[in-house]
Amino acid sequence: MGLQMDTTGPVPAGAVASSKLSLSRRYMAVSALVMLAAALVTGAWMGRQIERSVIQRTANLTSLYVDSFVGHYLGNLSGDEALPPGDVAALDDLLADSPLGDQIVSFKLWSPDGRILYSPDSDLIGLHFEPDEEFQESLSGAVTSAISTLDDDENEFERRQWTSLIETYAPLSTSDGRVIGVTEFYQRPDELLADISEARQRTWLVVGGIFLGAYLLLAGIVSRASRVITNQQSELRAQVQQNEALHGRVQRAATRTVGLNERFLRRIAADLHDGPGQELAVAMLRVDPLIDSLHDPETFSGQQERVHADLDIVKRALELSLQEVRTIASGLRSPHIEELSLIDTVRQAVREHERKSELPVELEFGDVPDLFSESAKITLYRIIQEALNNGLRHASGQGQRVWVGCEAEHVVVEISDSGPGFDFAHSSSGSDRLGVAGMRERVEILGGTFVLEARPGGGTVVMARLPLLLPEEVS
């Protein structure tokens, strides 16, 4: 079983606002936050890497620079004994009077066990401090450097003059590569921090530009895709609504067809009763006396003229009933139009009417498709047949005209006359109502539209629109 959720409560305002945003706007809002976070993380990481790289590169160069100045003073250092007083004085003069002092503001020399062998602060010489991580790395041969806030105990001398310095540890090695001590020197960070700040600014500009370009590119792609999806959704909704309306019309037409069929059957029964039935009844009335006359030769010989007259009446009644039956059957039989084109189907319907009525019908064609379904052609044939017959009955065939063309994916047929017209709402002829209802039902079952315009004194126009693709053909 699924989880039952109560959907009757109030909807959060954020959810309502979000539901009103298009797909592209939701993406742009979310992706902007993601891109901004990614840009900040990337920029901060790259800035940190640049800072470490610049400081480390400066430290490596400075360590070589320092080593070139102080290396020959420490050549005989074993790593355990204190420096001779002469070397200490020389190092003091070196920081004060040589170019090294322009780069280095303070300098210490450490033994491997953490004892200070030299410092500008003579009070620190000989003191022992616990080696930190950077000191240990230098003993293994690495040069380490970082910006120090001078919080360690051994930085009391530097702390009195500066708030922060670049602190660098470099290994002191013998000619055979053995590490005999560690040199620690300090540099002012102002110039280096300015270079780092400038490099960070350029990095932020590059990172921001890349992420902004990527965001705008993706936003454009998503916005275009969103418009396509929105248009497709609108078209789909319109198509669904159209299909629902069409489905409803077809259902209503199919429902009415049941009653309409019953009315057609009753009309056929009435036609058979009033037409062939009456003629056959007349024939039967004449057949009985003829049979009696044939059974009595004397009567037959004296009434030959009456017998011949009765035979003529019977023959005429049979001929009329046969004609009536054929007329009714031709109205029920589907025309043979399977192999005909739409134009030929229309022409056949018009020619048959002209042959029966002996009156001309004006026929015109617009743009007509080559292919049209058989069911639609039969519907078109029956509409033309019924409309022309109604025009013959009510307008005596005056100015009858048939036009067939194509408009907006529909085949359109118009059958008109220039007769006196009539008020269909107050028409008393049930057969007329049945014929119009039959035409309307035929058209609507196929998803088309039917219009009848008739005014007293204004002629009559019957117009039907049938889709080029029927519902079953679309699906």
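The values are calculated or read from the model by the stated rules, or taken from the named source; none is laboratory data. These figures come from a predicted structure and were not determined experimentally. When we count neighbours, we look across all protein chains shown, and the Cβ atoms used for this are built from the backbone with ideal geometry, even at glycine.
Here are some notes:
- Sub-7 Å Cβ pairs linking a first residue in segment 356-372 that is modelled with pLDDT under 90 to a second residue that is aliphatic (A, V, I, L, M) and in a loop (DSSP other than H, G, I, E, B), at least 6 apart or interchain, are 369/468, ordered by first then second residue.
- Of the residues making up segment 122-153, those that are part of a strand (DSSP E or B) and either under 26 Å from residue 89 (Cα atoms) or of a type in the set (Gly, Ala, Ser) (or both) are 128, 145, 146, 148.
- Evaluated against (1) surrounded by 15 or more Cβ atoms within 10 Å (Cβ to Cβ); (2) closer than 19 Å to residue 454 by Cβ; (3) of a type outside the set (Val, Ile, Thr), residue 396 falls short on exactly one condition, (1).
- Scanning segment 355-408 for residues being in a helix (DSSP H, G or I) and acidic (Asp, Glu) gives a total of 2.
Conditions (1) farther than 23 Å from residue 43 by Cβ; (2) part of a helix (DSSP H, G or I), marked per residue:
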{"position": "158", "(1), (2)": "yes, yes"}
{"position": "176", "(1), (2)": "yes, no"}
{"position": "186", "(1), (2)": "yes, no"}
{"position": "192", "(1), (2)": "no, yes"}
{"position": "209", "(1), (2)": "no, yes"}
{"position": "212", "(1), (2)": "no, yes"}
{"position": "230", "(1), (2)": "yes, yes"}
{"position": "234", "(1), (2)": "yes, yes"}
{"position": "237", "(1), (2)": "yes, yes"}
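- Residue in segment 203-226 that is of a type in the set (Phe, Trp, Tyr) and either in the same structural domain as residue 130 (by TED's automatic domain parsing) or within 26 Å of the chain's Cα centre (by Cα) (or both) present: yes
- Residue in segment 316-323 that is of a type in the set (A, V, I, L, M, F, W, C), surrounded by fewer than 16 Cβ atoms within 10 Å (Cβ to Cβ) and at pLDDT below 70 present: no
- Those residues of segment 186-200 which are surrounded by 16 or more Cβ atoms within 10 Å (Cβ to Cβ), at pLDDT 75 or above and within 18 Å of residue 168 (Cβ to Cβ), in sequence order: 186, 187, 189
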